[in-house]
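The values are calculated or read from the model by the stated rules, or taken from the named source; none is laboratory data. The structure presented is a predicted model; accordingly, all values stated were derived computationally and were not measured. Cβ sites come from the backbone with ideal geometry, for glycine too, and all protein chains shown count toward neighbours. Ligands, DNA and RNA are stripped out before the accessible areas are found, and what is left, the full protein with its side chains, is counted by its heavy atoms. Shrake-Rupley method; radii C 1.70, N 1.55, O 1.52, S 1.80 Å.
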Amino acid sequence: MTLYRYFLKQKKNSHKLWGILVDPDKVNVKNIPELIYKIQNSSANLVLIGGSFLRKDNLSLLVRQLKKNCQKPLIIFPGSTTQISQEADALLFLSLISGRNPDYLIGKQVEAAPLLFNSSLEIIPTAYLLIENGRSTSVEYVSQTKPIPRKKTDLALATAMAGQLLGLKMIYLEAGSGAKKPVPTNIIKSIAKKIKGPIIVGGGIKNKKQLLKAWNAGADIVIIGSAFEKDNFNL
Ligand code: 1GP
């Protein structure tokens, strides 16, 4: 079964999922075995790997080690076209539709397409929406786009609707890594009511209470990055 089908099935059965985001830049090579052990022994259903701005060249090594030593599905969450590894299970083919920067709407996708077209990676077309979180984030700066204001639920919903009409199969609501405030539940709720595909929510989720809030509002998959890195997260 493809991962996307698995996500749809879990959604249908109201079985909520959570995933760990591994930012290769934040990983020290000598700590990789320990990190993988921690991930493997967590209750997470999946692992995302990627970052909006990478200075280190760790991604391929980490993908290889994760594939070898961890049984959880591994999905590339690419911040740029250099973050592609054919050894993962899937790749979120993101289009940053909350922004108006053509590079992140279609430019990077054109650059990456020849590498992905015949690849055995499962490619999951995903609408990526940045939501304002109270402080500016790396992803905003790197993509040179403005997030959707937190109070503009209608704009967020219209953007998600456009994503579905464009054929994007999942919606990723992103407050940004280390966000002050996670994506507002009103936005998650209104999108979950209308949109068919699985909804991923991430950014600034630090504890179980916040994760449950996102799940209860309608998120199908919640992503935890910083809190897991800091050993602050347990479910
Ligand atoms: C994934 O950017 C997030 O969507 C990760 O954010 O590091 O704040 O968990 P945190």
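Rolling a 1.4 Å probe across the protein heavy atoms gives region 68-221 an accessible surface of 48 Å² per residue. Computed with the Debye formula from one identical point scatterer per Cα of the chain, without solvent, the log10 of I(q)/I(0) at q = 0.12, 0.13 Å⁻¹ comes to -0.60, -0.72. Dipole check for region 46-178: with +1 at the C-beta of Lys and Arg, -1 at the C-beta of Asp and Glu, and the Cα centre as origin, the magnitude is about 300 Debye. Averaging 1/r over each pair of different alpha-carbon atoms in region 122-235 and inverting the result gives 14.0 Å, the Kirkwood hydrodynamic radius. Between Val63, Val47, Val29, the GNM of the chain built on Cα springs shorter than 10 angstrom shows Val29 fluctuating the most. According to the Cα-based calculation, Rg over Rh for region 116-156 is 1.15, with Rh computed by the Kirkwood formula. The dipole here belongs to the chain: it is taken about the Cα centre, uses +1 on the Cβ of Lys and Arg and -1 on the Cβ of Asp and Glu, and is about 900 debye.
Which FRET efficiency value, to the nearest 0.05, do you get for Glu111 and Asn28 by plugging their Cβ-Cβ distance into 1/(1 + (r/R0)^6) with R0 = 22 Å? Once the sixth-power term is evaluated, E becomes 0.15.
Put simply, the C-alpha atoms of region 68-199 give a gyration tensor, and the ellipsoid matching it has half-axes of 25, 16, 15 Å, longest first. Element breakdown for the chain at a 1.4 angstrom probe: carbon and sulfur atoms account for 53% of the accessible area.
Taking only the Cα atoms of region 1-132, the radius of gyration and Dmax are 15.0, 41 Å.
Of all the options Ala127, Ala160, Ala113, the one that moves most in a Gaussian network model of the chain with Cα springs shorter than 10 angstrom is Ala113. In loop segments of region 1-67 as defined by DSSP, the trypsin sites (Lys or Arg not before Pro) with at most 15 further C-beta atoms inside 10 Å of their C-beta are Arg55, Lys56.
Can you quote the Å³ per residue value for the convex hull of the Cα atoms in region 5-67, rounded to an integer?
Normalising the Cα hull of region 5-67 by residue number yields 96 Å³.
Placing unit charges on each Cβ (+1 for Lys and Arg, -1 for Asp and Glu) gives region 1-111 a dipole about its Cα centre, and among Val22, Ser85, Asn101 the Cα reaching farthest toward its positive end belongs to Val22. For region 1-50 versus region 55-119, the inter-centroid distance based on Cα atoms is 15 Å.
Pairs over the 27 Å Cα-Cα cut-off, from the set Lys72/Lys180; Lys56/Lys152; Lys68/Lys181; Lys30/Lys206; Lys151/Lys208; Lys72/Lys230: Lys72/Lys180; Lys56/Lys152; Lys68/Lys181.
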